[in-house]
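Novice: There's a structure below that I have some questions on.
Bear in mind these aren't lab numbers, they're just calculated from the coordinates by the rules spelled out. Keep in mind that what you see is a predicted model, and the values were worked out from it rather than measured. Reconstructed Cβ throughout: ideal geometry from the backbone, glycine too, with neighbour counts over all protein chains shown.
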Ligand code: NDP
């Protein structure tokens, strides 16, 4: 029973296992930090959440592919099996929590030192003090997406390795899950430069909220369906598999397409969208393509992708559906926050935009 497995790992947890997990987790973050500092990357100018002009370096794709090739090689040669991440899952989770709290504490004290002590409160520990803290020349907020998503990809791969080692093969659900999640992470790094126009980079401070999200929530919770699949019997018919693939492709088209349209528009308002010159409101808000149909269709696309992840486990348990349910809540809440931010920033123009793109996340419904 997969749901019982975390408790089984907890009951056999020892100091030795925790030490191994700490060495793996901290070594992983340190190597990524080094790789991110040394590997060449594309440099793009942007504005950080404090409103300062910055030059961001993007080399996440090279870093990700380097890790994928290295992990594939050591697995193929037999020096190391990724299934160790599965057997150490709970210990790694504990280490990641310790690391996230320590990093958030360090960020808080670094930020507070630069301010008057009376102007910082405990709320700042959670929400962050600095908008764009750096260490050894690296932007920590941007860097943290690397351990987050590469960590997620490695944990996902560990579930396939564990299933292969215990049953001698992979179920169709596991194969689909691996392909979907690999494409999702690969796509993130291909489009990494688009991050400079996202809410987290342009609006959020870097505190416990984002740190815990990056180092704990994303790697350890976003892999929930994969965890479920390790011991699950084959449960997908060919017709169900085809429907899940279609849902994934549709979600990906919506998510990728809308983010790309907005990103291209921010770089050049004169672009072509779906074969026609982009229409705008005062050259500031895009009303062509997906952005003329709904104001947050990129969120809708991502929710479809996460439902496709969960559907690879079949319908035997609701457990894996906690992930898309959570993401739906998160993105719905985020859409409300973003609307407030945009109303404050664009004023009457935003009201005009709402009349043009009447729907938020679900055309004709919401
Ligand atoms: P968006 O990429 O939708 O960015 C919102 C911002 O875009 C607005 O604040 C506004 O900022 C600008 N904007 C909005 N409408 C328009 C328009 N019509 N024309 C031009 N600019 C517009 O949201 P996020 O940054 O929240 O998310 C980015 C991606 O990350 C999404 O695809 C989301 O699904 C994903 N995501 C995933 C999460 C996960 O846990 N898996 C969590 C959060 C996000 P401006 O001031 O620049 O105009």
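Novice: Could you calculate the contour length gain from residue 182 to residue 8, that is, 0.36 nm times the residue separation minus the distance between their Cα atoms, to one decimal place in nm?
Specialist: On the way: separation 174, 0.36 × 174 = 62.64 nm, distance 2.82 nm.
That works out to 59.8 nm of additional length.
Novice: Treat each spin label as a single point 7 Å out from the Cα along the C-beta direction, and report the residue 73 to residue 315 distance in nm.
Specialist: Placing both labels 7 Å beyond Cα along the Cβ direction yields 4.6 nm.
Novice: Relative to the present Cα-Cα distance, how much length would full extension add between residue 167 and residue 53 at 0.36 nm per residue of separation?
Specialist: Numbers: separation 114, 0.36 × 114 = 41.04 nm, distance 5.34 nm.
The residue 167-residue 53 span can extend by a further 35.7 nm.
Novice: Also, I was wondering about something else. Between the range 103-145 and the range 286-348, what's the alpha-carbon centroid distance in Å?
Specialist: Using only Cα atoms, the two centres lie 28 Å from each other.
Novice: In nm², what is the average projected area of the convex hull enclosing the Cα atoms of the chain? Display every interim value, and only then the final one.
Specialist: Working: hull surface 81.9 nm².
Convex hull of Cα atoms, orientation-averaged projection: 20.5 nm².
Novice: Moving on. Over the chain, calculate the relative contact order: mean separation of alpha carbon pairs under 8 Å at least 6 apart, over the residue count, as a percent.
Specialist: Relative contact order, the chain: 17 percent.
Novice: At 0.36 nm per residue, minus the direct Cα-Cα distance, what do residue 26 and residue 241 gain on full extension? Give it in nm, one decimal, please.
Specialist: Working: separation 215, 0.36 × 215 = 77.40 nm, distance 3.79 nm.
Contour length minus Cα-Cα distance gives 73.6 nm.
Novice: Extending each Cα 7 Å along its Cβ direction at residue 342 and residue 272, get the distance between those two points in nm, one decimal.
Specialist: 2.6
Novice: Between 288, 167, 158, which gets the highest mean-square fluctuation from a Gaussian network model of the chain, Cα cutoff 10 Å?
Specialist: Most flexible of the set in this elastic network: 167.
Novice: Just to be sure I understand: if I project the alpha-carbon convex hull of the range 193-245 onto a plane and average over all orientations, what area do I get in nm²? Mind showing how you got there, number by number?
Specialist: Numbers: hull surface 23.8 nm².
Average of the hull's projected areas for the range 193-245 equals 6.0 nm².
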